[in-house]
Amino acid sequence: MRVKFFLILISVCLISLKTNAQNPKSDFKIVGYYSINAAMEADTSQVPFDKLTHIILAFVNPDVLGNFNRNFDALVPFIKAAHSHDVKVLYSIGGGASPEEYHALLKQNKTRQGVIKNLVSKVLQYDVDGVDVDLELGYVFGPKSMAISRSFPRENPAIPGTDPNYGIFIMELAQALRSHNKLITVALPSRPADVVTQEVLSQFDFINIMSYDHTGQSRPDRPGHHSTYVDAMDDLDYYRFTLLVPKEKLILGVPFYGRGFGPGLADPVITSMKYVDIVSTYAGAEWVDHWDLPNGYIMYYNGIPTIKNKTKLAKKEAAGIMIWELRSDATGKKSLLNAINEAVRDKLNTY
């Protein structure tokens, strides 16, 4: 009897080891942002749920009265498909050009509580797993008039013009979501403004560090790469050793797009080019981090080797990888998402 039990135990362990080997996301978060409009129309069989742990739907925002009136019934098949793959789905509020109406809505206790109540109601109605807060310009960045990039906070952490009600909103939203066992996450720059205190940071289940756009259209005087491996190391170090956030809460953000600079400082910056468009246009572009364009511009992005290296860095110094955004990826051997999954499994090879 003991021998039989021992053999059964060995078989269970072997099955478990095989399953974990085939499922790289078992202990590592792979978080992808996805357009909510696209999700409503998506062929769910084409969405790479098997390579993700979380999908964040961007963006869900209120009207000027704090109501979330949009009908999300068309999201139901997407949410069910994600859950069938054990992928959690979150709404993301805000966006790169965060709506101005939040300032007025967060200022007064009554309207702020109304926004939270209405948002949590939308979470519960559609069986979503939580809320991601992506309030940027004027909230954890300075105001829009400053035209700052995500590198600006690196140089000046005391950014004027941020919303003093941001922290109050986060703490109240976190309490409301946790009362329903729902998640609260956040997208933050490499150097968030001082409104994002340690007390506020502690509210989040995990933090998506936007380790990209360190230069770009707002910094034409700084041509070059907007998202290097060194940037990733510096950003993780800042959160771990200056902001004292445990690595178990940190998710390293990577770009699935490029930004291009011209040969002269007066040339306009190419604000964005999808990774899929880069590698489908230029043969071999997936193996490097920049490409010389025919017009004298240089396009800067992350190719497969850097994405793998960043993933391995995140395995060591953080708890996962975040992607902006999933629909910009290529397919097959050129896919960055595939590269991330390969790097999560890989314990020996380095680049």
Applied in sequence order to region 297-314, the curve 6.51 cos²θ - 1.76 cosθ + 1.60 (Karplus, θ = phi - 60°) yields integer Hz couplings, x standing for Gly and Pro, of 6, 10, 9, 10, 7, 10, x, 4, x, 5, 4, 5, 5, 5, 5, 5, 4, 5
Antiparallel content of DSSP bridges confined to the chain, in %, to 5:
20 percent
Work out, step by step, the length gained on full extension between L124 and H180: first 0.36 nm times the residue separation, then minus their alpha carbon distance; give nm to one decimal.
19.3 nm
Which value results when the Cα radius of gyration for the chain is divided by 2.2 N^0.38 Å?
1.03
Under 12 Å from K312, Cα to Cα: aspartates and glutamates that are on another chain or at least 8 residues apart:
E342, D346
Write down the Kirkwood hydrodynamic radius of region 16-137, to one decimal in angstroms, obtained as one divided by the mean of 1/r over all alpha carbon pairs.
15.5 Å
Along the Cα-to-C-beta direction of E100, a point sits 7 Å from the Cα; which residues of region 121-137 have their amide N less than 16 Å from that point?
136-137
Distance from the Cα centre of region 56-80 to that of region 194-248, in angstrom?
28 Å
Taking every alpha carbon pair in region 52-118 and sorting the distances into 10 angstrom bins from 0 up to the bin holding the longest one, the percent per bin comes out as 19, 42, 28, 11, 0
Could you give the alpha-carbon Rg of region 169-283 over 2.2 N^0.38 Å, rounded to two decimals?
1.30
Under a crude label model (7 Å from the Cα following the beta-carbon direction), how far is K316 from S35 in nanometres?
3.7 nm
In Å, the Kirkwood hydrodynamic radius from C-alpha pairs for region 286-348 sits at 12.7 Å
Amide H to amide H, which residues 5 or more places from M322 or on other chains are under 5 Å from it, using H placed in the peptide plane?
V31, L252, G253, V254
Local electrostatic count, N338, Cβ distance below 9 Å [Lys/Arg +1, Asp/Glu -1]:
+1
If I take R0 = 25 Å and measure r between the Cβ atoms of D86 and S202 in this structure, what FRET efficiency does the formula 1/(1 + (r/R0)^6) give, to the nearest 0.05?
0.40
Cross-link partners among aspartates and glutamates for K274, C-alpha distance below 16 Å, same-chain residues fewer than 8 apart left out?
D213, E286, D289, D292, E325, D329
Charge tally in the Cβ shell below 14 Å around P77, where Lys, Arg are +1 and Asp, Glu are -1, P77 excluded:
-3
Restricting to Cα pairs under 8 Å and 6 or more apart, the percent relative contact order of region 285-351 works out to 30 percent
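Every read-out reported here was derived from the displayed coordinates using simple, explicitly stated rules and does not represent laboratory data. Note that the structure is a prediction, hence the values are computed from the model and not measured. For neighbour counting, all protein chains shown are included, and Cβ atoms are generated from backbone atoms with ideal geometry for every residue, glycine included.
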